[in-house]
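Take a look at the structure below.
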Amino acid sequence: MSMFLKGKTNKWMVSGEDTEQFSNRAYDLLRVTKGTYSGQVMGQILYQHYDKGLSIKQVNEANRGISYQTVRGVIKGTFSPETFIAYMDLAENEPDQLEKLFGAKEGRQ
């Protein structure tokens, strides 16, 4: 499968297969950045804690390279309030999008 997307058609260029579609709320979460951390990384941390029930320590162990203080701040919403609000909005209104964004990764970790 090709890694190049056709920008306006949401299809892979070589195979022509459709790409995964996400909601605007999901894209809002993914667009957030704080320092060197993307909304995808921070969203994964929030997903592991709030949806999978991992403790802060377990989330920290699963995300080596991210300090304990950063993980704790992401989970409490103090590191990036914008990410926290976007995640909680998505969890409340479109929980299926969280599974599409982060659920498939759980089996690969």
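We did not get these values from a lab; they are worked out from the coordinates using the rules stated. All values derive from a computational prediction rather than experimental measurement. Ideal geometry is used to build each Cβ from the backbone, glycine not excepted, and the neighbour counts take in all protein chains shown.
Could you please rank Thr36, Thr78, Thr70, placing first whichever residue has the fewest other Cβ atoms within 10 Å of its Cβ?
Thr36, Thr78, Thr70
Work out the P(r) tail for the range 21-103: percent of alpha carbon pairs separated by more than 17 Å, whole number.
Counting every Cα pair in the range 21-103, those more than 17 Å apart make up 38 percent.
Could you name the aspartates and glutamates whose alpha carbon sits less than 15 Å from that of Lys52, not counting residues in the same chain fewer than 8 places away?
Glu61, Asp96, Glu99, Glu106
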